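Structure first, then comments.
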Amino acid sequence: MHAKKHSLPANILASIRSRRKQLDAAHSEQKPRSDGTLIASYNVHKCVGNDRRFDPERTSRVIHEIGADVIALQEADTRFGERTGILDLGRLERETGLIPVPVNGMAKAHGWHGNVVLFRRGLVRDVHQINLPGLEPRGALVAELDLERGGALRIIAAHFGLLRHSRAQQAKMLVELMADKSEVPTILLGDLNEWRLGDRSSLHSFQSVFGPQPVAVPSFPARLPVLALDRIMANRKGVVTAVEAHDTPLARVASDHLPVKAVVNLKRVEKLNTKS
């Protein structure tokens, strides 16, 4: 989604800028890494930043900055033709240890309809590439992983369309996909392009599988985030920490979206499975 000019009241702008200063101060202090598996979602906007500069190196630095164990990227390929991959995945693996989940049938692309899942130290048990319905070419990548850091996990990485009717269809398809597999610890993440709440929101469809939606975290536009377009949710209550935006000076300029991230406690999943 492309940024539009926002006309916000001065008091709201002042509040957002004050929050940004607090975030800058918080990021300047090195926080200890929480126990668990750090997951993230990042719409890299084809590596074109808010300065309109194409800079894959800068995008890679943001990914390195996040330090995730699993990260889903959107818009990591060119949109048309052969959908050529934009990032230097070999270098990214050498510098971060993140390797891509393999996809079939697209020799030059990084992912599936621009969706890429990268993970650190583990095995890929299964991969499914899903064409999502709607007027735009959209997709989801479903990967079942055995992570060295914590255990088995299913990732559904998706990028929903700009039209509300399409988003409703896309959400319904993913809910149907989950119908027979709700026992598997699953994380849905990506740019879901949905800022609405309530019954009219496409996210409402997910409640049957993922429960009540977590608090919305603004991630768009990156320089002054007001819309929560990027989401992380789990089909297990309490296994995902509060989602937060990765709001740093570099992330604010590298894409029109901020990355979002959360920690998954897979040990808690194992305990819940043992009790059930």
> Hey, with R₀ at 45 Å, roughly what FRET efficiency would ARG200 and ARG94 work out to, going by the Cβ-Cβ distance, to 0.05?
Replying inline: 0.45
> Which one of VAL253, VAL184, HIS165 is farthest out on the positive end of the charge dipole of region 35-274, using unit charges on Cβ (Lys, Arg +1; Asp, Glu -1) and the Cα centre as origin?
Replying inline: HIS165
> Under the classification rounded if a/c is under 1.5, otherwise prolate if a/b is larger than b/c and oblate if not, where does region 106-253 fall, given a ≥ b ≥ c as square roots of the Cα gyration tensor eigenvalues?
Replying inline: rounded
> Using alpha carbon centroids, what distance separates region 186-225 and region 47-86, in Å?
Replying inline: 22 Å
> If r is the Cβ-Cβ distance from LEU224 to ASP51 and R0 is 22 Å, what FRET efficiency results, to the nearest 0.05?
Replying inline: 0.90
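Read-outs: derived from the displayed coordinates by stated rules, not from any lab. This one's a predicted model, so the numbers in the text were calculated from it and none came from an experiment. Please note: Cβ atoms are built from the backbone with ideal geometry, for glycine as well, and neighbour counts cover all protein chains shown.
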